[in-house]
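Heads up: the structure comes next, in structure tokens.
A short reminder: the numbers here are calculations on the coordinates, not readings from a lab. Here the structure is a predicted model, which is why all the values come from computation and not from measurement. Positions of Cβ are backbone-derived with ideal geometry, glycine not excepted, and every protein chain shown enters the neighbour counts.
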Amino acid sequence: MVSFYLYSIFFALVAIAFVAYPWFKDRSAKKRFEVSNANVIKQRIEEIQREAQEGLIDEDEMDTAINEMKVALAEEAEFQQAQQDEAERVSLSARSAKIPLLIGAIPALAIGVWTYYDANQLSGLRDLVDATSNVEQMSQRILGQDASEVSREEYNKYALVIRQQLRKKPDDVTGWQWLARLRMTLGQSEEASQAFDRILDINPNDNQTRMQYAQALMMMGSEENLQDAKRQVLYLVSKSPQDRNYRLLLTVIAAQLGDKETAFDNFALIKAQLSANSQLYVSLVEQLKKMGASDELLALNSQDSNEDQNGNTTQTTANAEGPAFDVSVNISNELKEKLPPSGYLIVFAQDANSGARMPLAVKKIALPSFPITLNLSTSDAMITNFSLKNAKQVTITARISMDEDVMTAPGELQGRVENLDVANTTSAVNLTITEEVQ
């Protein structure tokens, strides 16, 4: 950074020298020219006097010639005086113009400096230098068990380091996978899809990445991206027709595109695997109803929602397959007065042992009254192949947020239960919100 500023100062001085040198050179040449003219006339007078002494001319001719030289010298002096008067007039005009020029130069210089600092990448360069020098510490925070407290800025800096490494090794599949995960964690679907696309360029037979690529495209939401996502999943279905995860994603994408035939046919194949209380099922059924799906097609045999004997809201799933947690969420008396008038309750599970920080399961609902019981199961996964089935122990966090972002923000309220064993059944968990995020 210091070298950059030194080079900038050096080149600025060189530019000033190029501008100033011709001006000073011109003034020096002008003075030499004036002295030269006077000396020539004086030398000529001396020559005329010498010629008279040698008898080459008489005294009258000498006087006439000398008078002519003196007249020429007087005319030269008059001409030089006129030039000097004109120069002084121009100089006076220039001095009178300095104030408006200065007034105009100051905002122009300010705008130039602002444009430079706004357009250059010095802040990004400083972030890269800082992130590179602290990469080990950042890795421990992001990959460690306290990663839920990592800020968005730290995730971005870590992604910057990975991008820098990928410039050196553009075919590093592991690096692209980490970059894609970070982008997904930050909700940057477009950047994540670009990373997934790059992985597929290197390894086109990576079906899991193709699945994640389709999910990232789907989250971007435009028709073009949805059509591309559909093509990716159709390819996966052609390779593995019995894979219900592919069928489920194809159903969701087809529903968003309004493709009734594809959506209805695939939903019929996978509906038995869905939980009636999952957000995915509720939103999917709503879309299919609008498309004209029959009640018979949409019917499930496993839904139970009731209130317990104390009147507390309970959302559970009967006949749930695989690991699940019934999370009873309450809030401490000290924090009840800090509850916002509106917002969201976000309950999510993360792998307690691995470096993957993306939630294995997430439930988001409008801010309820407490206590409340929510069910987290494999159907609440953000990514189909990355769910509670992939972990041996999890940390479950409940957070009250003003928005639906899983990332923490100051002023939010949260609580967590750590190192819960994942079993192939539904486990009950009591969780109390006791902390205000600083």
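Structure above, values below:
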| read-out | value |
| --- | --- |
| Amide H contacts under 5 Å for L413, placed H, 5+ residues apart | I400, V437 |
| Rounded if a/c under 1.5, otherwise prolate or oblate - the stretch 182-290, Cα gyration tensor axes | prolate |
| In order through the stretch 410-427: 3J(HN,Hα) via Karplus (6.51 cos²θ - 1.76 cosθ + 1.60), integer Hz, x for Gly, Pro | x, x, 6, 10, 7, x, 8, 10, 9, 6, 8, 5, 9, 10, 8, 9, 8, 10 |
| Derived scalar couplings ³J(HN,Hα) [the stretch 431-438; Karplus, 6.51 cos²θ - 1.76 cosθ + 1.60; whole Hz; x for Gly, Pro] | 9, 10, 7, 10, 10, 9, 5, 9 |
| Mean Cβ neighbour count within 10 Å, used as a protection proxy, ranking 60-67, 158-165 highest first | 158-165, 60-67 |
| Modelled FRET efficiency - R0 45 Å, E59 with R89, Cβ distances, 0.05 increments | 0.50 |
| Peptide ranges 364-372, 226-234, 254-262 listed from the most packed, as the mean C-beta count within 10 angstrom indicates | 226-234, 254-262, 364-372 |
| Rounded if a/c under 1.5, otherwise prolate or oblate - the stretch 230-271, Cα gyration tensor axes | oblate |
| Computed E for L257/R152 - FRET, C-beta separation, R0 41 angstrom, nearest 0.05 | 0.80 |
| Net lengthening on full extension, A299/A366 (0.36 nm per residue, minus Cα-Cα) | 21.6 nm |
| Full-extension gain in nm, A74 to A409, via 0.36 nm per residue minus C-alpha separation | 111.8 nm |
| Per-residue HN-Hα couplings for the stretch 322-332 [Karplus 6.51, -1.76, 1.60; θ = phi - 60°; Hz; x = Gly/Pro] | x, x, 7, 9, 8, 9, 8, 9, 9, 10, 5 |
| Rounded FRET efficiency, nearest 0.05, which uses the C-beta distance separating Q81 from E51 and R0 of 25 Å | 0.20 |
